[in-house]
1. Taking the Cβ of A:Lys383 as the centre, find all other residues whose Cβ is under 10 Å away and add up their charges (Lys, Arg: +1; Asp, Glu: -1).
2. Taking each residue of B:48-57 in turn, how many C-beta atoms of other protein chains fall within 10 Å of its C-beta, and what is the average?
3. For A:Thr400, A:Thr171, B:Thr6, what ranking results if the residue with the fewest other Cβ atoms within 10 Å of its Cβ goes first?
4. DSSP loop trypsin sites (Lys or Arg not before Pro) in region A:364-467 with at most 15 other Cβ atoms within 10 Å of their Cβ, which ones?
5. Assuming a strict under-20 Å limit between Cα atoms, what lysine pair count do you get for chain B once near-sequence pairs (fewer than 8 apart, same chain) are dropped?
6. Please compute the average number of Cβ atoms from other chains found within 10 Å of each residue's Cβ in peptide A:49-56.
7. Over all residues in B:78-87, what is the mean tally of Cβ atoms on other chains that come within 10 Å of each residue's Cβ?
8. For the peptides A:77-86, A:457-466, what is the packing order when you average, over each peptide's residues, the other Cβ atoms within 10 Å and list the highest mean first?
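Laboratory data are not the source of any read-out in this text; all were calculated from the coordinates shown. What you see is a predicted model, and the numbers here were worked out from it, not measured in a lab. Virtual Cβ from ideal backbone geometry, glycine too; neighbours counted across all protein chains shown.
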Amino acid sequence: MYKYNAFDEAFLAERNAQFRAQVERRIDGSLTEDEFKPLRLMNGVYLQLHAYMLRVAIPYGTLNSAQMRQLALLAEKWDKGYGHFTTRQNIQYNWPKLPDIPDMLDALGEVGLHAIQTSGNTIRNTTADHFAGAAADELTDPRPYAELIRQWSTDHPEFQFLGRKFKIGITGSPNDRAVVKAHDVGLRMVEKDGEIGFEVIVGGGLGRTPMVGKVIRDFLPQPDLLPYLESVLSVYNVLGRRDNKYKARIKITVQENGIDKIRELVEARFEERRHEFDGTDQALLAEIKTHFAAPQFRSGDTSAFDATYSADPVFRAWADTNLAAHRQADHAIVTVSIKAHGQTPGDASGGQMRVLADLAEEFGYDELRISHQQNVILPHVHKSDLPAVHARLKDHGLATANVGLISDIIACPGMDYCALATARSIPVAQEIATRFDDLKLEHDIGHLQIKISGCINACGHHHVAHIGILGLDRAGVENYQITLGGDATETAAIGKRTGPGFAYDEIVPAVERLVETYLAIRTSEEETFLETYRRLGMEPFKTALYPEAQKKVA
Amino acid sequence: MARAFTPKVITANDLLEGDVIYFTAEDTWTRELSEAELITDEAVAPLRLLDAEKQNIKIVGAYLADAQAGPNGPEPTHFREDFRRKGPSNYSHGKQEAFANV
């Protein structure tokens with residue numbers, strides 16, 4: 001993985017020193033809150049309902065064990081012993097005190113982490129496929145490109161004051177695990193005539209106006225990446241609206257002007273810009289690529305895996321849900337569920353983070369990933385080590401066998417923490433997970449994604465959930481709307497609203513009725529919830545959700 | 001017809017700790033909503049907010065929040081202010097943690 005050079009270290013140290021001085025000036029009264037707020041946001045510091053929040057970027061979701069241990073240290077030294085992994089592959093600390101934050105940033109700097117541009121109207125942390133560099137279906141590792149984008153976008157003078165935030169997602173696989181169609185710019189590796197390039201998607205996004213991104217360039221040669229991105233950003237920076245915050249994202253610019261006009265403007269700008277790139281970026285990319293060389297995968301007998309798989313049903317259940325195919329047949333990708341039933345989705349304690357760091361170091365070539373689904377990945381584990389890894393995870397409450405199942409829920413912090421939220425998300429997720437665990441149904445139900453947002457900004461990705469839940473404030477009471485049929489993969493789709501919302505104590509029973517209906521009408525155990533919905537549409541689910549309305553019609 | 005004025009308290013976050021604070025009748029800040037000044041006069045509310053904002057050097061984002069009189073002082077009328085008063089519902093952190101340690 002990428003290692004900071006002397007320039008990176010000096011840049012980060014200087015930036016942290018600047019912020020330390022800004023915090024001091026806010027505390028001594030030299031800066032007003034209006035002056036300080038944009039400065040703190042540029043460095044990932046929010047003020048939420050009960051405390052400050054520090055959002056730390058995990059670039060393209062990749063960590064090594066030393067970095068994970070440092071995240072644990074921050075949780076224990078300056079927070080309340082845990083951190084929250086988010087849908088943008090970041091980690092958030094919910095309880096830092098303002099005077100401590102400069103020390104936290106310095107501690108992060110020691111291991112090459114930072115909080116720069118995790119907020120504000122700039123280019124945010126580039127997210128990537130969490131199986132990058134390991135997946136069997138991958139054309140090429142997207143992370144060197146994500147690192148190139150990180151270096152290019154960090155403190156890029158032209159793009160520090162965009163009309164609104166700007167998010168880039170990248171995947172190197174045809175199977176999209178990075179939700180690239182819901183990003184301002186999505187990059188998908190594709191192959192054409194034996195050459196690998198990018199399909200560039202623009203104008204996707206969730207929030208109050210959810211949109212699936214549109215293809216602006218079906219094949220972009222790799223060396224053109226930065227000049228082309230710069231052209232997209234440049235066109236957006238000029239054309240994007242600044243009169244209305246809710247119409248300022250590039251998805252609205254694309255919608256109002258049409259993809260054809262945007263494409264025309266971007267291509268014209270690209271002709272101007274490409275000549276400004278003299279090859280330095282390509283030299284840098286070549287250097288970055290050396291940091292991402294695959295580990296020397298060890299070979300060995302996998303019979304220990306097979307023996308445990310047939311002998312231990314608990315291990316088998318975990319292996320069936322939490323492992324994915326690795327490009328080396330004798331290795332596996334392990335998804336560690338941070339969704340123990342009844343716990344807060346995405347919250348890991350400092351102790352758990354250390355266990356994950358230890359496992360990465362002992363069994364996983366020192367690599368960890370954070371997924372947008374708020375889980376932690378050990379991307380390379382030799383199959384013979386899986387029984388040992390599972391045993392250690394089990395000892396620390398990390399062996400929940402539910403990846404891709406109904407209790408593997410994405411939930412934003414919601415009104416338990418977030419100042420923007422209109423309702424709670426976390427307790428709804430906790431209760432759904434607990435309920436279906438009690439019913440012992442989740443393995444029968446199979447693949448089903450529930451995603452919950454506590455306001456229309458949709459940090460919980462509810463629009464692209466098979467069952468999406470949106471918490472709102474209706475006349476001073478929490479109310480939850482349901483959407484069905486969303487899809488976060490390469491066949492991305494926005495879910496459709498079922499009808500009126502449900503009160504806090506009605507939402508879990510409503511989800512239960514949806515699932516009962518699905519179990520009753522699916523053609524076989526192989527047909528997933530999403531497939532049943534696509535086959536039969538909304539009607540049977542509506543009947544289950546609103547029995548009273550159906551009676552009135554009859 | 002204009003909506004009838006509902007009683008208010010002034011609330012903000014502490015600059016250093018970031019936690020929820022309330023403005024008292026003595027122009028000081030308290031961690032307890034029950035000790036806040038309940039403002040019942042519509043004409044007085046914006047003036048008291050100006051008084052509170054004079055202390056912007058140590059607070060962040062003062063605003064008027066709906067509240068009602070209770071047996072032990074002001075109480076929240078909306079669930080958002082109730083969460084701000086108590087802390088999150090997934091852990092006993094925030095103000096509820098402080099109460100537990102008393």
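1. Values: positive: none; negative: A:Asp301, A:Asp306, A:Asp330, A:Asp385.
So the environment of A:Lys383 carries a net charge of -4.
2. Values: counts 0, 0, 0, 0, 0, 0, 0, 0, 4, 8.
Partner Cβ neighbours, averaged per residue: 1.
3. Working: A:Thr400 24, A:Thr171 28, B:Thr6 12.
Ranking A:Thr400, A:Thr171, B:Thr6 by Cβ neighbours within 10 Å, fewest first, gives B:Thr6, A:Thr400, A:Thr171.
4. Details: sites: A:Arg369, A:Lys383, A:Arg392, A:Lys394, A:Arg424, A:Arg435, A:Lys440, A:Lys451; in loops: A:Arg424, A:Lys440.
Sparse-neighbourhood loop trypsin sites (Lys or Arg not before Pro): A:Lys440.
5. 4
6. Working: counts 11, 14, 9, 7, 1, 0, 0, 0.
Across A:49-56, the average partner-chain Cβ count within 10 Å equals 5.
7. Details: counts 3, 9, 9, 1, 1, 8, 4, 1, 1, 5.
That works out to 4 on average.
8. Working: A:77-86: 20.6, A:457-466: 25.3.
Per-residue mean Cβ counts within 10 Å order the peptides as A:457-466, A:77-86.
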